[in-house]
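Taking it in order: structure first as structure tokens, then the write-up.
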Amino acid sequence: MKNKLFEKYFVFSPYFWLVLFFFIPLAIIFKISISVSEWGMPPYQDIFLFDNGFKINTTFENYVYIFSDYYYIGSFVNSLILALISTFFCLLIGFPLAFYIATSNIRLRNILLVLVVIPFWSSFLLRVYAWKIILQNNGILNVILLNLGIISEPLQLLYNQYAVIMGIVYTYLPLMILPLYGYLNKFDLNLIEASKDLGLNRIKTFFKVILPLSVPGIVAGSLLVFIPVVGEFIIPEMLGGSDRLYYGKILWEEFFVNRNWPGASALAFSGIIILVLPIVIFQILYSRWSQKNEI
Amino acid sequence: MKSSLIKSTVIFLGLFFLYFPILVLIFYSFNENKRVMVWKGFSLRWYNELFNNEQIIESFIISIKIAALSATFATILGVMIGYSLVRIRKIPFKSFYIFLSSTPLVLPELILGLSMLLFFISLNNVIGFPSSRGQLTIFISHVTFCIAFVAIIIQARLTDFNKNIEEAAMDLGYNYTKVLYKITLPIILPSIIAGWLLAFTISLDDLVVASFTTGPGANTLPIVVFSKVRLGLSPEVNALSAILMFALIIIGLFYFYFNKKFKH
């Protein structure tokens, strides 16, 4: 049938592109991460040697090297902690916002939703830059605090881990609000009324009714914030100082400054295994499961 | 009464938090003083300097070109993926297909950028192409990670959309291709436009992947801006920010306009 040819064209054009330009590059990262490093260009040896018969020339030394050095592990742990704290604050600010937007009347709801997401469309880099202006020693925040008499001399707000957290929470907040809103929007508001009628107070209603029902939204939003933040490079570079090193920064320096390609590849591949793979597997299982249950 | 007060306060504070930095940036772009933080008076001086800054203008043109091209390619391929995942039953190694089309959504940009750069270098060693990196390699990388965003929009749209219309058309004698071009694509057109706008913005805004895959003659706007503000402040970048944020917010509103259509 004609359909067959047509379907093949639709399935295989993007398939071809993604295998060539996405899967093979990932495979190359893995290949270089198990190559023996040497001085030269490129700074690693081939994994297949043919000079004296065929020989496979691989090593796990690059992984041993990064996993036994506190410099690398410590930075990765710093990034995980940073991501955890930022996700927590995004949730703390995002949840009430998403909840109140979802419980507004329908016209207001759409306007508020657009208002919340629109800043996300403006340039990421420039939104981080805006915080650089706000947190300057003679920036607007210090000026306000000085005039209110809360502080007597300007605080050093920039170039430390707190500025980094601030910048991350600000730029990633819409990513938390959107999935939260998506789930809160579906849920039946009568349940809140019902639980009040049954005598539960506000706090109990929140913990027994609202929170359990919004768990999928919380999980989705947290993942959308947590994973990219672990690999974040720009925000620590612009707002952070030398008090803390992060995964993104050491990966960048390992490649561009130390020119240790196998080391950088091992760092990147470990990042994929630790962060991305569990989520991808979860997603595939989930989409299979939901397909089975619908059809 | 009391709870509605809390509600308005939360919403007001949330919106204030989101918009305050943008407003500060726009405010300072009108500062006459070269020292960004010291207010000297209202002036359009930095807008004038911005439009005479050849480096920024040139990089802006490069960025627009790459963004438009990669958004177009990513939209074509993304629509194909979205369509395949919802409408085509037999996809060989379907889990692998889903893996390829959804991983770029969660993969940290830094890892993606590194893998693309090492790929282009290896490719050059094997077949002698691309001999140097530049606009072409940025374009390829941007297409690769924008595809996933388009695919997810199209997939959502097609899942909602009533299959009966397609089947009715088929019963009336339309063949498969005709149904696609006369029925399915026109109905999902708003989502296709929304997907294109999203891909365009993502490409225009990308710094990390472009930094890895760039080469001589391919400094995109984010690369130039980053080099200017990495260590300090720049009054020209303030002026640029005000213009760019305004333009991007307009694009965002268009996105919502098109994407809203699919909800009804």
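Yes/no per residue for (1) more than 24 Å from B:Phe16 (Cα to Cα); (2) part of a helix (DSSP H, G or I); (3) open to solvent by less than 60 Å² (accessible area, probe 1.4 Å):
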{"position": "A:Phe67", "(1), (2), (3)": "yes, yes, no"}
{"position": "A:Tyr72", "(1), (2), (3)": "yes, yes, yes"}
{"position": "A:Ser86", "(1), (2), (3)": "no, yes, yes"}
{"position": "A:Leu91", "(1), (2), (3)": "no, yes, yes"}
{"position": "A:Pro96", "(1), (2), (3)": "no, yes, yes"}
For the stretch A:152-189, the count of residues that are within 13 Å of another protein chain (Cβ to nearest Cβ), outside any helix (DSSP H, G or I) and not aliphatic (A, V, I, L, M) equals 2
Residue count, the stretch B:26-43, condition open to solvent by 100 Å² or more (accessible area, probe 1.4 Å), within 11 Å of chain A (Cβ to nearest Cβ) and over 32 Å from the mean Cα position of the chain (by Cα), comes to 2
The listed residue being within 12 Å of another protein chain (Cβ to nearest Cβ) and either under 21 Å from the mean Cα position of the chain (by Cα) or surrounded by 20 or more Cβ atoms within 10 Å (Cβ to Cβ) (or both), out of A:Val143, A:Val128
A:Val128
Take the conditions small (Gly, Ala, Ser), assigned by TED's automatic domain parsing to the domain that holds A:Ile93 and part of a loop (DSSP other than H, G, I, E, B) and apply them to A:Gly221. Does it pass?
no
In the stretch B:23-58, what count of residues is obtained for those that are in contact (Cβ under 8 Å) with a residue 12 or more places away in the chain, aliphatic (A, V, I, L, M) and not in a loop (DSSP other than H, G, I, E, B)?
4
Which one of B:Ser63, B:Ser59, B:Ser115 is facing chain A (nearest Cβ under 9 Å) and closer than 26 Å to B:Asp206 by Cβ?
B:Ser115
Within the stretch B:204-224, restricting attention to residues that are β-branched (Val, Ile, Thr) and open to solvent by 10 Å² or more (accessible area, probe 1.4 Å), which residue is nearest to A:Ser122 (Cα to Cα)?
B:Ile223
Note down all Cβ pairs under 9 Å where the first residue falls in the stretch B:173-186 and is within 10 Å of chain A (Cβ to nearest Cβ) and closer than 23 Å to B:Gln155 by Cβ, the second is assigned to a loop (DSSP other than H, G, I, E, B) and not basic (Lys, Arg), and they're at least six residues apart or on different chains.
B:Tyr176/A:Met1
A:Glu253 passes all but one of the listed conditions (1) acidic (Asp, Glu); (2) within 11 Å of chain B (Cβ to nearest Cβ); (3) outside any loop (DSSP other than H, G, I, E, B); the exception is number (2)
All but one of (1) surrounded by fewer than 24 Cβ atoms within 10 Å (Cβ to Cβ); (2) part of a loop (DSSP other than H, G, I, E, B) hold for A:Phe269, so report the exception by its number.
(2)
Among the residues of the stretch A:48-61, is there at least one that is buried (at least 16 other Cβ atoms within 10 Å of the Cβ) and more than 10 Å from chain B (Cβ to nearest Cβ)?
yes
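The values are calculated or read from the model by the stated rules, or taken from the named source; none is laboratory data. Every value quoted in this text rests on a predicted model; they were computed, and no experiment measured them. Here the Cβ is made from the backbone with ideal geometry for all residues, glycine too, and neighbour counts use every protein chain on show. The area values use the complete protein model at the heavy-atom level, side chains included, leaving out ligands, DNA and RNA. Shrake-Rupley method; radii C 1.70, N 1.55, O 1.52, S 1.80 Å.
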